[in-house]
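Some notes on the structure that comes next.
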Amino acid sequence: MQSILFIVFLPLIASVIAGLGNKSLGAIPAKVLTTGALFISCALSWPIFISFLGGNAEAAVVPVLKWVQSGNLSFDWELRVDTLTAVMLVVITSVSALVHLYSWGYMSEEPDQPRFFAYLSLFTFAMLMLVTANNLVQMFFGWEGVGLASYLLIGFWFRKPSAGAAAIKAFVVNRVGDLGFMLGIFGVYLVFGTVSIPAILADVGNHAGSTIGFLGYRFDTLTVLAILLFIGAMGKSAQLGLHTWLPDAMEGPTPVSALIHAATMVTAGVFMTCRLSPLFAASPAAMEFVTIVGACTCFFAATIGTTQWDIKRVIAYSTCSQLGYMFFAAGSGAFGAAMFHLFTHAFFKALLFLGAGSVIHAMHHEQDMRYYGALRKKIPLTFYAMMAGTLAITGVGIVDVIGFAGFYSKDSILEAAYGSGTGVGHFAFFAGITAALLTSFYSWRLVFLTFFGKARWSQSEHIQHAVHDDHGHGHDHAHDRHHGHGHDDGTAGYHPHESPLVMLLPLIILSIGAVAAGFVFNHAFVSEGEGEFWKGSLIFSEHLIHAMHGVPMWVKWAPFGVMVTGFLGAIYAYILNPGFPAAFVRVIKPLHTFVYNKWFFDELYNFLFVRPSFALGRLFWKQGDIGIIDRFGPNGAAWVVVQGTGLARRIQSGLLTSYALWMLAGLVAAVSWVLTR
């Protein structure tokens, strides 16, 4: 298990060298170093995962160094390797290595490549620290590390105001969640007297039924701790209420979207919930809270995904929705199913993001799907990769026979929610089924708008600029079309081109995961036999597995039914009758406006929090800082000195008679003082 040291620290070393070397090191050495380090980490991670898969490995803890010893509080920096860690290791290193490779092509014209690759590797190191943590403080270190790295990556194009604003928004919203996470960690230490995760989980049973004072009232101890920790997960994993940063994070380069907002950082909350599963499972109220938040998120985000035009934002809301599935699986007690969906989702969502990047690359950085169309013959490999990702996310498959990756993990989650037998579980099931219908619709909508129909490229300003730059007469084309002259085939003289091999290779590898990950690993993640694969790294309910197998047949077939319905709806609306969506939107205009504007969450938060904060800031600045502190502080002292020097200057006239007068006045004053005494 000593290889875990190389897996974790190679990305850090590569990041430091590339970051400090920066332009003096050069783009090629920085790329080779960081990408090479990640591929080595990936190559070392898979054997660990396979050894757990084969039942040949046991959990181990590898010490790194002594860290903190302060009174009763003591913890070391050590790396925990068990099944849960092994799953996360392959997800993080595989996706990150492929994203590094993909970025060679996507960022090839970027002048700041060493900085970009240094940030990517720093992010990967922080994420690996998080998943190998054996105590809550080390987990928090990784938690904040990925927050910092995501801020740097989202705002990578710092000269672009929208990117800077998105980075700050992600940082601030995550801080709100992190306050809950910190309070949870403080509470855990207060109650358990330790931050060691194994010690905490072993002691959970001794605190069942106890109460704790919080906000002036007494509540169930474990419920308070679990909900506070889960608030941290809500921020990091973009759950309803703390989700507003995720779509805006699309301002970063597309490889960043694939790495952070599809496969790794946003799943940190799911990982933490599963790592602390005995603590959560000991509180039914906390489990219900997790289930409700997850179910509401998966439905809410899916509705917004159906209305967006930006290809990356559609996939971003899809991520938000899929994270909701993972949480309501965990809330239903199916922690294995939650991790299974995390595992499969990493492959097909990274594939969809990188595929979208390939489309954007081909379309000269145009992201609006209204200006796509007819691309399947122009960029065929990208088309087939996106098809594989879409078949996986929509859950295409035949019950009890075979299917794509998402089919196995999503169906197991829905069956677990229904099989849990609780009212909250049934609510989550129906929210999940509705979300699955919407997922199928918006995923196929994306495919049809992008790859089918007529070419609509000529209407794009980005592509007009490309034609103008390439041929020097794009303006004339536009001018002719405007006045009805010349032949317009919809292409505006622009010819989309397939991405370079260095970008296509990651798509091909991820496609294999999107197709086969569910079929190959289904039995290990969600199987009978007391959960031998997990070896106690999370709670595995044999009873729930039996309940999942015992659900009615309509529950098993419902995901297939809604998947087909969404597919047929998208075919009708975007292939057979392209005028239908606009006509339908006119009928439901208020509802469409509400959903298109993301349920007005941003506007609501702007009204409730942002504007009052800025108003308070202006008050402190204008009235407090300038009006009081500066006026009576430094500015006031300076005014007194200036007035005093003015008076002294008038006294120092240089006339002997005036000096004699002042001397006489002084003498009179001195004599008067003596006489009065």
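The values are calculated or read from the model by the stated rules, or taken from the named source; none is laboratory data. This is a predicted model, so every value here is computed, not measured. Cβ: placed from backbone, ideal geometry, glycine included. Neighbour counts: every protein chain shown. Accessible surface is based on the protein model in full, side chains and every heavy atom, while ligands, DNA and RNA are left aside. Shrake-Rupley method; radii C 1.70, N 1.55, O 1.52, S 1.80 Å.
Structure notes:
- Considering region 262-282, the residues that are buried (at least 24 other Cβ atoms within 10 Å of the Cβ) and in a loop (DSSP other than H, G, I, E, B) include one that is modelled with the lowest pLDDT, namely 264.
- For region 530-563, a tally of residues being free of Cβ contacts under 8 Å to residues at least 60 places away in the same chain and β-branched (Val, Ile, Thr) returns 1.
- Close pairs from region 638-658: first part of a helix (DSSP H, G or I), partner open to solvent by 100 Å² or more (accessible area, probe 1.4 Å) and among the hydrophobic types (A, V, I, L, M, F, W, C), Cβ under 8 Å, at least 6 apart: 651/662
- Residues of region 310-328 satisfying the condition of being within 28 Å of residue 285 (Cα to Cα) and outside any helix (DSSP H, G or I): none
- Total residues in region 329-343, condition touching an Asp or Glu at 6+ places or on another chain (Cβ under 9 Å), assigned to a helix (DSSP H, G or I) and farther than 19 Å from residue 513 by Cα: 1
- Hey, residue 390 free of Cβ contacts under 8 Å to residues at least 60 places away in the same chain, under 30 Å from residue 497 (Cα atoms) and touching a helix residue (DSSP H, G or I) at 6+ places or on another chain (Cβ under 6 Å) or not: yes
- For region 342-365, the set of residues classified as open to solvent by 10 Å² or more (accessible area, probe 1.4 Å), under 23 Å from the mean Cα position of the chain (by Cα) and not aromatic (Phe, Trp, Tyr) consists of 352, 361, 365, listed by residue number.
- Residue identified as assigned to a strand (DSSP E or B) and within 18 Å of residue 124 (Cβ to Cβ) among 8, 64: 64
- Condition met for residue 167 (under 30 Å from residue 312 (Cα atoms) and among the small types (Gly, Ala, Ser)): yes
- Residues of region 163-195 satisfying the condition of being open to solvent by 70 Å² or more (accessible area, probe 1.4 Å) and more than 20 Å from residue 213 (Cα to Cα): 168, 171, 172, 176
- Which numbered condition residue 17 misses (of (1) within 19 Å of residue 135 (Cβ to Cβ); (2) assigned to a helix (DSSP H, G or I); (3) open to solvent by 30 Å² or more (accessible area, probe 1.4 Å)): (1)
- The lone exception for residue 426 - which of (1) closer than 24 Å to residue 296 by Cβ; (2) open to solvent by less than 10 Å² (accessible area, probe 1.4 Å); (3) at pLDDT 90 or above it fails: (2)
- Within region 106-124, if we keep just the residues that are part of a helix (DSSP H, G or I) and open to solvent by 10 Å² or more (accessible area, probe 1.4 Å), the residue that is farthest from residue 501 (Cα to Cα) turns out to be 122.
- Unique match (being part of a helix (DSSP H, G or I), closer than 24 Å to residue 188 by Cα and at pLDDT 90 or above) among 295, 346, 285: 285
- All of 229, 259 fail the test of being assigned to a helix (DSSP H, G or I), open to solvent by less than 20 Å² (accessible area, probe 1.4 Å), at pLDDT 90 or above and within 30 Å of residue 165 (Cα to Cα), apart from 229.
- Residues being farther than 19 Å from residue 15 by Cα, open to solvent by less than 10 Å² (accessible area, probe 1.4 Å) and part of a helix (DSSP H, G or I) - total across region 132-162: 3
- Every test in (1) outside any helix (DSSP H, G or I); (2) closer than 18 Å to residue 238 by Cα is passed by residue 307 save one, and that test is (2).
- The residue of region 305-329 that is nearest to residue 268 (Cα to Cα), among those that are open to solvent by 10 Å² or more (accessible area, probe 1.4 Å) and of a type outside the set (Asp, Glu), is 313.
- Helices (runs of 4 or more DSSP H) contained entirely in region 522-594, each with at least 1 residues that are under 17 Å from residue 400 (Cβ atoms): 542-549, 553-571
- Some residue of region 330-338 being hydrophobic (A, V, I, L, M, F, W, C), surrounded by fewer than 24 Cβ atoms within 10 Å (Cβ to Cβ) and over 21 Å from the mean Cα position of the chain (by Cα): no
- Of the set (1) crowded, with 24+ Cβ neighbours inside 10 Å; (2) over 27 Å from residue 453 (Cβ atoms); (3) more than 17 Å from the chain's Cα centre (by Cα), all apply to residue 292 but (1).
- Screening residue 58 against (1) open to solvent by 40 Å² or more (accessible area, probe 1.4 Å); (2) at pLDDT 90 or above; (3) closer than 27 Å to residue 338 by Cβ leaves a single unmet condition, (2).
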